[in-house]
1. Here are some conditions: (1) closer than 23 Å to residue 392 by Cβ; (2) touching a helix residue (DSSP H, G or I) at 6+ places or on another chain (Cβ under 8 Å); (3) crowded, with 16+ Cβ neighbours inside 10 Å. Residue 214 meets all but one. Which one does it not meet?
2. Determine which member of the set 146, 87, 96 is over 30 Å from residue 414 (Cα atoms), under 17 Å from the mean Cα position of the chain (by Cα), part of a helix (DSSP H, G or I) and free of Cβ contacts under 8 Å to residues at least 60 places away in the same chain.
3. It is to be established whether one or more residues within the range 249-260 are under 25 Å from residue 71 (Cα atoms), crowded, with 16+ Cβ neighbours inside 10 Å and modelled with pLDDT under 95.
4. Output the residues belonging to the range 11-37 that are more than 14 Å from residue 331 (Cα to Cα), part of a loop (DSSP other than H, G, I, E, B) and touching a residue at least 40 places away in the same chain (Cβ under 8 Å).
5. Which one of these does residue 326 not meet: (1) touching a helix residue (DSSP H, G or I) at 6+ places or on another chain (Cβ under 8 Å); (2) in a helix (DSSP H, G or I)?
6. Those residues that are touching a helix residue (DSSP H, G or I) at 6+ places or on another chain (Cβ under 9 Å) and farther than 15 Å from residue 376 by Cα, I need them from the range 305-316; list them, please.
7. With the structure loaded, tell me whether residue 255 is outside any helix (DSSP H, G or I) and either over 29 Å from the mean Cα position of the chain (by Cα) or on the phi < 0 side of the Ramachandran plot (or both) or whether it fails that test.
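The values are calculated or read from the model by the stated rules, or taken from the named source; none is laboratory data. Bear in mind the structure is a predicted one, so any value in this text is a computation, not a measurement. Using ideal geometry, Cβ is built from the backbone for each residue, glycine included, and neighbour counts are taken over all protein chains shown.
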C-alpha cells in the first residue's frame, strides 16, 4: 500500500525537480534571455496578433502560413493578461517552464507504462536536469509545448490500448491535436499509432469507431484553421506551407552538394529572376513555391551527379547532426554546448545499445519498444529529409535516452523471472498446506 502511494506521488517530486533548474535559469539570467531568432519571431507574432487580429510572422501587414497558430495564441494570451514588460516576460517564461515540467511528468508516465516506475524516474530525471532541455524550456519556442503534448499523447496511446476507454481516446486526440498546433510534422505519427493498436489486436470494430471519433475531434480542431486559410489565401491549406524552406536548407548540408555554396546565393538568383517578389516577406506563398522548386531541382541534381555523397549525407551525416550534437546556444552556469558534445555522443551510443538489449530481453513489451523505435525513426527520417538541426532532437530526446534504463530494466527483469516463477509456485503449495 505504501509503495503504491509513493508511486502515485512520485510525479510531484519529478515535477518539482524539473521546475527548480528552469526557474533558476529564468531568475538568474532574467526575462530578456533570448536567441533573438525564432523565439523573438514567435513573440512578435503574438504582439501583432493582439494589435491587428492577424496571424502574421514576417511582417505585421501580411498573414502567414509559416507556422501553426498554437504558440502565437498562447503567447498572445500571456501578453494580453500580463503585458509586454519585464513582468509579462517573467510570467511567460514561468508558464513555459511549467509546461516543460508537465512534459517531464508525461515522459515519466509514458516510460513507466513501458518499463517500471523506478526506471521511468531515471529517464524523467535525466531529461529534467539535462542542460539543453532545461534551457529550451525557458525560451519562447515550440519545443517545450511539443515535448509536453507529444509525451502525453504517447502516454494516452499506451493507456488506450490497455483500457479501450473513450475518455483515454479523447485525451489522446486532444493532446495529439495540441501537438499538431505547434509542430504539424507530427501528423503522420497518427498512422504509427493506428498500426500499433492493430498490432496489439485492438478489436477491429472498436478501432474503426475510435478512429472515426478521433478524426471528428481532429476536424473540430482544424476547421477554424482551414476556414481562416480559405478566407485569407483563397485556397485550402491542410497545415502550413513553409516546409520548403527547410527542404532547401537541407540541400546545403553535408559534402558534395551542387552549387551554389549557400542559400543566400539561391535567394539572390531568385530575386534577379523574379524582381516583382521584392521583398520576399510580402510574397510568402510565391516565395515558398519557388523554394520548393529549387530544393527539388537541387536534390535531383545532387543524386544524379554525386549519388554517393547524396546518400552519405542523408543517411549518415544528417542523423549525426541531429543526434550527436547537444543544443545549448546560450551558455548557462558556465556550461557551453561544445562542452556537452562528448556527453551527448556517449548518451546516444549507450542508449542505442540499451534499446537493442531491451528488445532482446523485454518479453511482453516488445511491441511498446518497437513503437518507440518506429517513432524515433519517423522523426529522424523527417528531419534528415528536410533540415537536420540539433535543436529538433530535444523534444524527442527522451525516446532515445530511455534506451539505457530500458535495457537495464529488461535485463534485470529477465534475470529475476526464475525467482518470480518460483514464488508463484510456492504460493499454491503454501495454501494447500
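1. Unmet for residue 214, out of (1) closer than 23 Å to residue 392 by Cβ; (2) touching a helix residue (DSSP H, G or I) at 6+ places or on another chain (Cβ under 8 Å); (3) crowded, with 16+ Cβ neighbours inside 10 Å: (1).
2. Going through 146, 87, 96 in turn, the sole match is 96.
3. Taking the range 249-260 and keeping what is under 25 Å from residue 71 (Cα atoms), we get 249-250.
Now narrow it down to the ones that are crowded, with 16+ Cβ neighbours inside 10 Å: 249-250.
Filter again for modelled with pLDDT under 95, leaving 249-250.
Taking every residue of the range 249-260 in turn, at least one turns out to be under 25 Å from residue 71 (Cα atoms), crowded, with 16+ Cβ neighbours inside 10 Å and modelled with pLDDT under 95.
4. 31, 32
5. (2)
6. Of the range 305-316, the ones touching a helix residue (DSSP H, G or I) at 6+ places or on another chain (Cβ under 9 Å) are 309-311, 313-315.
Passing the criteria: 309, 310, 311, 313, 314.
7. Details: outside any helix (DSSP H, G or I): yes; either over 29 Å from the mean Cα position of the chain (by Cα) or on the phi < 0 side of the Ramachandran plot (or both): yes.
It is true that residue 255 is outside any helix (DSSP H, G or I) and either over 29 Å from the mean Cα position of the chain (by Cα) or on the phi < 0 side of the Ramachandran plot (or both).
Residues checked against (1) within 20 Å of the chain's Cα centre (by Cα); (2) surrounded by 22 or more Cβ atoms within 10 Å (Cβ to Cβ); (3) outside any helix (DSSP H, G or I); (4) modelled with pLDDT of 95 or more:
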{"residue": "338", "(1), (2), (3), (4)": "no, no, no, no"}
{"residue": "341", "(1), (2), (3), (4)": "no, no, no, no"}
{"residue": "363", "(1), (2), (3), (4)": "no, no, yes, no"}
{"residue": "373", "(1), (2), (3), (4)": "yes, no, no, yes"}
{"residue": "381", "(1), (2), (3), (4)": "yes, no, no, yes"}
{"residue": "393", "(1), (2), (3), (4)": "yes, yes, no, no"}
{"residue": "399", "(1), (2), (3), (4)": "yes, yes, no, yes"}
{"residue": "410", "(1), (2), (3), (4)": "no, yes, no, no"}
{"residue": "415", "(1), (2), (3), (4)": "no, no, no, no"}
